[in-house]
Structure formats: C-alpha cells, structure tokens
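Chemist: Here it is, the structure in full.
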Amino acid sequence: KDVVAVFDRLLIKDWKSEAERIAFITFHQAFSYEDFVEGLKPKSEADGTVSYVVEPGIFKRIVARSMDNWLMSRQSTRTATFEEALEQLKDAWERERDMKFTMRTKGYEFSILGFTDTSIQFKKASGGTGHTLSLATLRDLYYEQRELNDAGLDIYYPGVIEKLRSFTSGNFTAGELQHYVLVIDEINRANISAVLGELITLLEPDKRRGADNHLEVMLPYSKEPFSIPPNLHVIGTMNTADRSVEALDTALRRRFSFVECPSMPQELEKLDYRMVGEVDLSKLLTVINARLEM
C-alpha cells in the first residue's frame, strides 16, 4: 500500500506539475514513433485553415522534464528551472503581447508571436514571420551547455535567455537531483524498432548525457538535437507467457536488464488466512508454479 501511495502521488497527471515524476504508458500494435517521441499533428487555425505542428510524445516530454532537473542540479547560479522560467515567460507574454526582446545586433529588437510544444514563434525586426527558436536549444543555453554563433537565428536567442533568467522560483533547491521513471506496460506489444527508432542507442547508460560516450541525435521532425539524461529510468513490463515476446530482438534485450517477477508462495505462509478449508494456499500455488514450469 505504501508503494502504491507513492506511485499515485508521483504519477504525472499534469505536465505542468514539477512534483510529479512518473509517466505510465501502454504499448499496442498501432503505437508509433510519432506517438512516443514526436510527430507532425494537424492543427486547425481560426480562419479554417489547417497547419501541421511538431508535437512531442510522452517520451520526449519525460526526457525534457528529467533533463531540466539534471541540468539544474549541476548549476549553482540558476534560481528557477527552465520549465518554470518558460511558464513565467508565457504568462508575461499573455499580459503584454507587444513585449520586445533585444537582439545580439545592437539597436534591433524582435517580438514573440506565440509558443508551441517545441519552439517559440517570433517576428523579426525586419517584419518577417515564420521563424522559430528551439526550446531544446534554449534549455541548453539557459544552463550554459551550448555556445552561440554571431550569425543566423543565433542572434535572437540571447534576448530570450536574458528574460528567462530574470525569473525566480521558491520551489527549487539548487543541487537537488531527482529521478524520473517511464513505465511502459506491455512493452512487447508494439514494434519496438519502429517506435524507438534511433533512441534505442541513446538508452544505454554510457550513451546518456554527461557520460563518457555521450551521444546526441538529430530528431527527424523538429530537427532538434536530442539526448537522454542519466536520471531517467525506463521500465518495461510484459508477460513472458505471451508469444509476442519472440519479437524482442537482441538489440533490445541487451539494453534492458531482464528481471523475472514470479509469484511468491512463501509470502502466503505469513498470513493467518492461508488455509481455505483443508487447502493450504501456499502449497497450492507452489504446485501450480511447478507444473507451469514443467
């Protein structure tokens, strides 16, 4: 009961809640990379037109949350997590839509047009629209994990970073590393290779962010650099009696530690009500297990 209580308390019900750190999902035959990592989703505009935006899946969301915490835990100068600062920026922009941001080129300013799950849409000083700033890049810049160039869209990032760093939060203690968990129920039900894609390499401990063999891939839809932090744990559950277990290839098997979770008849021996009439439930379960194994 204690474990279930903790699970219920930490299960993510609202992606804006920093306190919730466990994501749960169930794989099935129709589950895809677009559902798990990211994909193009149609969005209906006010004028009736349809546009397509890159929408993050549950894995990309939990990675962003755990990465935010991992990077923050390595900082001593930030007063708010990136996600907290971003939410405050959105609120400030809602109150003041004509908010201006300075460019690296002195004397020029630009304004924000809106926010998506993966980027900030902005209007150039010259009036051009249709440009975006990547949230993944902003997160790395916020935590001083990336360098900027003096050309292209890079000249627009500093103004937003300066604004983000001006926000504060009283909910975070510097250096407080948290652990995050993604539980994938029925992990053998989906086409694992198709759902994970290039991420199957990034799952390995030595390929995580900050590790000796750290790897970063370019996501196909958002064209963002992507890596996995070491404080994200992926747990897959499945029934080994299911024939679809055979679909798990060697590449996946060697990236997970397979832990058998058999029934435990000895636990029944501790109960006062293990006897039902003349039947000993502990012995009954032991014999059933023996026959199943045979």
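The values are calculated or read from the model by the stated rules, or taken from the named source; none is laboratory data. Predicted model only: the values in this text are computed from it and were never measured. Using ideal geometry, Cβ is built from the backbone for each residue, glycine included, and neighbour counts are taken over all protein chains shown. These accessible areas exclude ligands, DNA and RNA; they are computed on the full protein's heavy atoms, side chains included. Shrake-Rupley method; radii C 1.70, N 1.55, O 1.52, S 1.80 Å.
Chemist: Identify, by number, the condition in (1) acidic (Asp, Glu); (2) surrounded by fewer than 21 Cβ atoms within 10 Å (Cβ to Cβ); (3) touching a helix residue (DSSP H, G or I) at 6+ places or on another chain (Cβ under 8 Å) that Glu38 doesn't meet.
Modeler: Status for Glu38: all satisfied but (2).
Chemist: Is it the case that the stretch 141-152 has a residue that's open to solvent by less than 50 Å² (accessible area, probe 1.4 Å) and either among the acidic types (Asp, Glu) or farther than 30 Å from Ile228 by Cα (or both)?
Modeler: No, there is no match, as no residue in the stretch 141-152 is open to solvent by less than 50 Å² (accessible area, probe 1.4 Å) and either among the acidic types (Asp, Glu) or farther than 30 Å from Ile228 by Cα (or both).
Chemist: Would you tally the residues in the stretch 103-123 being β-branched (Val, Ile, Thr), at pLDDT 85 or above and more than 20 Å from the chain's Cα centre (by Cα)?
Modeler: 1
Yes/no matrix, rows are residues, columns are (1) surrounded by fewer than 20 Cβ atoms within 10 Å (Cβ to Cβ); (2) farther than 26 Å from Arg209 by Cα:
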position: Asp2; (1), (2): yes, yes
position: Val6; (1), (2): yes, yes
position: Lys16; (1), (2): yes, no
position: Ala19; (1), (2): yes, no
position: Phe24; (1), (2): yes, no
position: Ser32; (1), (2): yes, no
position: Ala64; (1), (2): no, no
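Chemist: Also: Search the stretch 68-102 for residues being farther than 30 Å from Ser126 by Cβ, open to solvent by 10 Å² or more (accessible area, probe 1.4 Å) and not polar (S, T, N, Q), and hand back the single one that is modelled with the lowest pLDDT.
Modeler: So, considering only residues that are farther than 30 Å from Ser126 by Cβ, open to solvent by 10 Å² or more (accessible area, probe 1.4 Å) and not polar (S, T, N, Q), the one modelled with the lowest pLDDT is Arg78.
Chemist: Still on this structure, I have one more. Select, from Thr201, Thr137, Thr168, the only residue that is among the β-branched types (Val, Ile, Thr) and in contact with a Pro (Cβ under 9 Å, 6 or more places away or on another chain). Break it down stepwise before answering.
Modeler: On the way: Thr201 fails: in contact with a Pro (Cβ under 9 Å, 6 or more places away or on another chain); Thr168 fails: in contact with a Pro (Cβ under 9 Å, 6 or more places away or on another chain).
Result: Thr137 is the single residue among Thr201, Thr137, Thr168 that is among the β-branched types (Val, Ile, Thr) and in contact with a Pro (Cβ under 9 Å, 6 or more places away or on another chain).
Chemist: Same structure again: Quick check on the stretch 23-32. Is at least one of its residues in contact with a helix residue (DSSP H, G or I) (Cβ under 6 Å, 6 or more places away or on another chain), within 19 Å of Leu177 (Cβ to Cβ) and not in a helix (DSSP H, G or I)?
Modeler: For the stretch 23-32, residues in contact with a helix residue (DSSP H, G or I) (Cβ under 6 Å, 6 or more places away or on another chain), within 19 Å of Leu177 (Cβ to Cβ) and not in a helix (DSSP H, G or I): present.
Table: residues versus (1) acidic (Asp, Glu); (2) over 23 Å from Ile187 (Cβ atoms); (3) in contact with a strand residue (DSSP E or B) (Cβ under 9 Å, 6 or more places away or on another chain).
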{"site": "Lys207", "(1), (2), (3)": "no, no, no"}
{"site": "Glu216", "(1), (2), (3)": "yes, yes, yes"}
{"site": "Pro229", "(1), (2), (3)": "no, no, yes"}
{"site": "Glu260", "(1), (2), (3)": "yes, no, no"}
{"site": "Gly277", "(1), (2), (3)": "no, yes, no"}
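Chemist: Would you kindly identify the helices (runs of 4 or more DSSP H) lying entirely within the stretch 190-294 that contain at least 3 residues that are open to solvent by 70 Å² or more (accessible area, probe 1.4 Å)?
Modeler: 281-293
Chemist: Go through (1) at pLDDT below 90; (2) surrounded by 13 or more Cβ atoms within 10 Å (Cβ to Cβ) and name the single condition Thr49 misses.
Modeler: Condition not satisfied by Thr49: (2).
Residues checked against (1) more than 23 Å from Leu232 (Cβ to Cβ); (2) touching a Gly at 6+ places or on another chain (Cβ under 7 Å); (3) not hydroxyl-bearing (Ser, Thr, Tyr):
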position: Arg74; (1), (2), (3): no, no, yes
position: Leu89; (1), (2), (3): yes, no, yes
position: Gly114; (1), (2), (3): yes, no, yes
position: Phe122; (1), (2), (3): yes, no, yes
position: Thr132; (1), (2), (3): yes, no, no
